[in-house]
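The structure appears below as structure tokens.
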Number of protein chains: 2
Amino acid sequence: MTDTIPRTSSVQDAIETRRSIRRFVQEPLDQSDLREILRLASLAPSANNVQPWRFAVVQNPTLQADLQAASYNQLQVTNAPAVIMLYADMEDVLASAEETLHPNMADEEKRTRAQRLRSSFEPQSVAERAAWANAQANIALGYLLIAARGLGYDTVPMLGFEPEKVRALLGLPEHVQITAIVPLGRRAEEGFPHHRHSVQRLTTFY
Amino acid sequence: MTDTIPRTSSVQDAIETRRSIRRFVQEPLDQSDLREILRLASLAPSANNVQPWRFAVVQNPTLQADLQAASYNQLQVTNAPAVIMLYADMEDVLASAEETLHPNMADEEKRTRAQRLRSSFEPQSVAERAAWANAQANIALGYLLIAARGLGYDTVPMLGFEPEKVRALLGLPEHVQITAIVPLGRRAEEGFPHHRHSVQRLTTFY
């Protein structure tokens with residue numbers, strides 16, 4: 001099954017044709033497409049522009065095999081040419097808050113705002129604010145899935161893994177929250193059609 | 001400032017041109033476009049296909065004024081022709097889990113899987129599983145923002161509101177978690193250019 005979606009697919013086509021894909025064409029990923037997918041995902045909005053998402057990209061069969069073992073042996077982790085770990089790092093956000101403020105802002109204003117952000121999260125535990133950052137990082141996950149499909153690629157967002165083991169394999173600090181593991185490549189299977197609630201079932205109009 | 005993006009805009013164009021927009025063209029929203037935006041958002045993936053997102057769509061100046069008062073008086077709530085409340089309702093998910101299972105599945109299999117889902121969330125408090133559902137609903141928020149832009153509309157996702165008051169105004173139960181308030185319409189201002197971390201800053205390659 002080859003992929004026939006054009007690179008410039010419309011938003012509607014990309015969303016309609018995205019499926020969870022677990023078998024991929026066995027070929028290395030185009031590295032500039034990979035960077036473009038990450039760039040598009042990073043344009044997601046977040047509260048106060050904190051951008052808590054971070055990416056760990058694995059294109060290494062040995063490490064992928066280890067990650068698969070830490071993911072209940074789900075075969076797509078080694079079948080995909082690349083695996084993106086999307087995670088949230090709220091401690092890095094707070095430590096480097098000045099970076100996310102607009103470059104045109106005066107330094108004093110930047111310091112004041114960064115301090116205000118830190119103060120607002122101080123009453124929360126590291127785990128509480130990690131959970132908040134993880135929710136925000138899911139906005140970027142939505143972006144990532146559509147961006148990949150828009151460039152003709154396929155994905156399967158996974159939540160089934162042992163976070164402790166995955167963090168250890170990647171050398172990530174304990175405080176980061178893994179939002180999803182996302183194998184990425186070109187589809188070598190059809191995937192299943194969408195089965196979703198109707199808009200009428202989901203929506204109340206006022 | 002009129003909107004010149006074509007309705008069939010590419011994923012890249014939609015993501016690039018999305019801005020947080022707070023002043024909208026004063027005209028009623030095309031209702032079939034509104035439903036299409038909601039439909040596209042509802043195609044987001046979720047763990048076990050639970051689809052915890054729900055939509056409350058307000059197109060009523062009086063209620064919008066009340067919502068604005070519950071949102072620290074942010075003017076975009078009355079300026080937009082429509083306001084979408086995206087919220088997560090995990091209790092509804094658990095009560096109606098059979099609906100999200102594939103229609104081709106045998107009834108007994110459906111009952112077994114729905115029960116397994118309920119059991120897996122039973123150890124959590126209502127608040128804990130609401131937080132989990134809220135994180136998943138943020139995937140649909142990412143979808144919603146891109147879908148709106150793909151059809152030529154603009155949005156501003158808001159987290160600044162008093163949830164108790166918003167729930168009361170809409171008659172929503174206490175257990176639901178409001179993911180974001182999203183004013184929607186056509187832009188009447190430029191918005192600010194993106195200021196984001198570079199891919200290099202966000203990514204580790206393995």
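Between 0 and 90 degrees, rounded to the nearest ten: what's the tilt of helix A:126-150 against the longest Cα principal axis of chain A? Roughly 40 degrees between the two axes. Per residue of B:34-41, other chain Cβ atoms within 10 Å of the residue Cβ number 4 on average. With one equal scatterer per alpha carbon and no solvent term, the Debye-computed log10 I(q)/I(0) for the range A:15-65 at 0.13 1/Å reads -0.49. For the range B:96-206, the percent of C-alpha pairs falling in each 10 Å distance bin, counted from 0 to the bin holding the largest distance, reads 11, 25, 30, 23, 10, 1. Rounded to the nearest 500, the helix-only mean residue ellipticity at 222 nm of chain A stands at -12500 deg cm²/dmol, with each DSSP H run of n ≥ 4 adding -39,500 (n - 2.57). Compared with the direct C-alpha span, the chain from B:GLU128 to B:SER96 gains 9.6 nm at full extension, assuming 0.36 nm per residue. Helix A:107-121 and the longest principal axis of the C-alpha atoms of chain A enclose an angle of approximately 70°. Per-residue shielding of A:45-53, expressed as the average number of other chain Cβ atoms within 10 Å of the residue Cβ, stands at 4. Per-residue shielding of A:84-95, expressed as the average number of other chain Cβ atoms within 10 Å of the residue Cβ, stands at 1. When the alpha-carbon atoms of the protein assembly as shown are used, the pair Rg, Dmax equals 20.5, 64 angstrom.
Shown here are the Rg and Dmax of the Cα trace of chain A, at 18.6, 57 Å.
The loop-placed GluC sites (Glu not before Pro) in the range A:87-182, going by DSSP, that have at most 16 neighbouring Cβ atoms within 10 Å of their Cβ come out as A:GLU174.
Under the combined filter of DSSP loop state and at most 16 neighbouring Cβ atoms within 10 Å, the range B:1-95 retains these chymotrypsin sites (Phe, Trp or Tyr not before Pro): B:TYR72. Here the alpha carbons of the range B:1-89 define both size measures, Rg and Dmax, at 14.9, 43 Å.
Here, each number is a calculation from the coordinates, and none is a lab measurement. None of these values were measured; they are calculated from a predicted model. Note that we place each Cβ from the backbone using ideal geometry, even for glycine, and neighbour counts take in every protein chain shown.
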